Amino acid sequence: MKILIADKFNDQLPKDLAKQGHQVTTNVADLADADVLVVRSKTKATAEYLAPAKKLKLVIRGGVGLDNIDVNYCKGKGILVRNTPEASSPAVAELALGLMLAFARNLPQAHASTHAGGWEKTAFEGTELLGKTLGLVGAGRIAQEVARRAAAFGMKVIAYEILGAAPEPIKLVKSLDELYAQSDYLSLHVPATPQTEKLINAAAIAKMKPTAVIINTARGKCVDEAALAAALKEGKIRGAALDVYAKEPPEGSPLVGCPRLVMTPHLGASTAENLTRIAARIGELVGELAAGRLKA
C-alpha cells in the first residue's frame, strides 16, 4: 500500500511502515493514489482536501480527537478513520499538570526575570496545589491520567462527566454549575463538538470562584476567548493556562497579552515518548488494514 505521511512525526514511523512492505511518501501530491493518509493537527483533512484521493481506504490522526478530519465525508466515501488516543494520554496529562504548576509558582515570569538579571524572590511568591480542588470537565482517558497525578500532589479531584461514571480518585458532581462553583483549578478534557463550543463563556466564568484558574489542553473552541480575556482583564478569575486556541497560531486573539495568562503553542502531544507510541500504534492500524481486520 502507498502511505502518505502529511505531517511531521518521528523518523521511526516511515522506517517501520517501510519494513511492513509499504511505499511511504511525504509528498502531498501523492494523495491521489494513496491508500492511507496519516496526519497530526496541522493538516486539515477536509472534503476539499480529500477529494483527489480516489484510492484512500484509511485516515489516521496521530493524536487525540478527530476535529481536523471530515469524518462524515470519509464515512460517505467508505474511508475508515482512526486516531491514537491511548498513546497521547500521558503526554497531555503531564502538560496539564505542568501548566498548573507553572501558574501556581509563577514559573514563566520568574524564568524571564532571572534570565534578565533579576533576583526577585519575594515578587514571585506562589501557591501550592496541595489541598486545592481540581475540577475536570470530562472524565475520559486523559482526565483520568490527570486525576491520578493531581491526587499525588494532594489535590481533591472532582469531575462532571455526561456518561456518569469515573474511577477513583475522581468524585463525580451532578452538574457543571456545581463543578464551576467548587473548583480551584478547572481543566478541560472534552472534544470540540457543537455542544462544547464556547462551553467556558461569560456565564460559566461568573459561576466560578474569583480565585479559579482555567486550564485548557483539550480544544481551543471550547473556550469563548473574548469572554475569558475580559474576565482576566477585569480580575473575575485568578487566571488561566492554555495550550490550545480557537485559531492556531492565535494571531489576533483577544487573549494575546492578557494578564495572569500562561500560553504554550499546542505542545500537548509533543513528547519524544508519545511520538514513539503514536508511531507504534499507526503501524498496528496499517497492519490491521492490510490484513483485512480493520472494520468500520
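The values are calculated or read from the model by the stated rules, or taken from the named source; none is laboratory data. This one's a predicted model, so the numbers in the text were calculated from it and none came from an experiment. With ideal geometry, Cβ positions are generated from the backbone for all residues, glycine too; neighbour counts draw on all protein chains shown.
Table for the structure above
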{"read-out": "Failed condition for residue 148, given (1) closer than 27 Å to residue 225 by Cα; (2) within 21 Å of the chain's Cα centre (by Cα)", "value": "(1)"}
{"read-out": "Hits in region 57-80 (condition: farther than 30 Å from residue 148 by Cα, free of Cβ contacts under 8 Å to residues at least 24 places away in the same chain and crowded, with 18+ Cβ neighbours inside 10 Å)", "value": "59"}
{"read-out": "Residue within region 249-265 that is under 14 Å from the mean Cα position of the chain (by Cα), within 22 Å of residue 134 (Cα to Cα) and crowded, with 21+ Cβ neighbours inside 10 Å present", "value": "no"}
{"read-out": "Matching entry among 211, 196, 217 (being crowded, with 17+ Cβ neighbours inside 10 Å, among the polar types (S, T, N, Q) and more than 14 Å from residue 241 (Cβ to Cβ))", "value": "196"}
{"read-out": "Cβ pairs under 6 Å, 6+ apart, first in region 120-142 and assigned by TED's automatic domain parsing to the domain that holds residue 184, second loosely packed, with under 12 Cβ neighbours inside 10 Å and outside any strand (DSSP E or B)", "value": "130/154"}
{"read-out": "Which listed residue is surrounded by fewer than 13 Cβ atoms within 10 Å (Cβ to Cβ), within 27 Å of the chain's Cα centre (by Cα) and modelled with pLDDT under 95, from 16, 11", "value": "11"}
{"read-out": "Among (1) in a loop (DSSP other than H, G, I, E, B); (2) under 23 Å from the mean Cα position of the chain (by Cα); (3) more than 25 Å from residue 1 (Cα to Cα); (4) hydrophobic (A, V, I, L, M, F, W, C), the one test that residue 97 misses", "value": "(1)"}
{"read-out": "Count - residues of region 35-56 that are more than 15 Å from the chain's Cα centre (by Cα), part of a loop (DSSP other than H, G, I, E, B) and surrounded by 18 or more Cβ atoms within 10 Å (Cβ to Cβ)", "value": "4"}
{"read-out": "Residue in region 266-282 that is touching a strand residue (DSSP E or B) at 6+ places or on another chain (Cβ under 7 Å) and more than 22 Å from residue 143 (Cα to Cα) present", "value": "yes"}
{"read-out": "Residue in region 204-215 that is in contact (Cβ under 8 Å) with a residue 60 or more places away in the chain, closer than 20 Å to residue 179 by Cα and assigned by TED's automatic domain parsing to the domain that holds residue 137 present", "value": "yes"}
{"read-out": "Out of 11, 7, 16, sole residue that is under 22 Å from residue 272 (Cβ atoms) and in contact with a helix residue (DSSP H, G or I) (Cβ under 6 Å, 6 or more places away or on another chain)", "value": "16"}
{"read-out": "Qualifying residue in region 173-182 (condition: of a type in the set (A, V, I, L, M), surrounded by 22 or more Cβ atoms within 10 Å (Cβ to Cβ) and not in a loop (DSSP other than H, G, I, E, B))", "value": "yes"}
{"read-out": "Filter result for residue 42 (modelled with pLDDT of 95 or more and of a type outside the set (Phe, Trp, Tyr))", "value": "no"}
{"read-out": "Test: residue in region 60-74 that is in a loop (DSSP other than H, G, I, E, B), in contact with a Gly (Cβ under 9 Å, 6 or more places away or on another chain) and not assigned by TED's automatic domain parsing to the domain that holds residue 140", "value": "yes"}
{"read-out": "Residue 46, sole failed condition from (1) within 21 Å of residue 3 (Cα to Cα); (2) touching a residue at least 40 places away in the same chain (Cβ under 8 Å); (3) β-branched (Val, Ile, Thr)", "value": "(2)"}
{"read-out": "Strands (runs of 3 or more DSSP E) within region 187-296 that include 3 or more residues farther than 21 Å from residue 42 by Cβ and out of contact with any Cys (no Cβ under 9 Å at 6 or more places or on another chain)", "value": "213-216"}
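Quick grid of which residues meet (1) assigned to a loop (DSSP other than H, G, I, E, B); (2) in contact with a Cys (Cβ under 7 Å, 6 or more places away or on another chain); (3) closer than 18 Å to residue 181 by Cα:
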position	(1), (2), (3)
117	yes, no, no
123	yes, no, no
127	yes, no, no
131	yes, no, yes
149	no, no, no
154	yes, no, no
159	no, no, yes
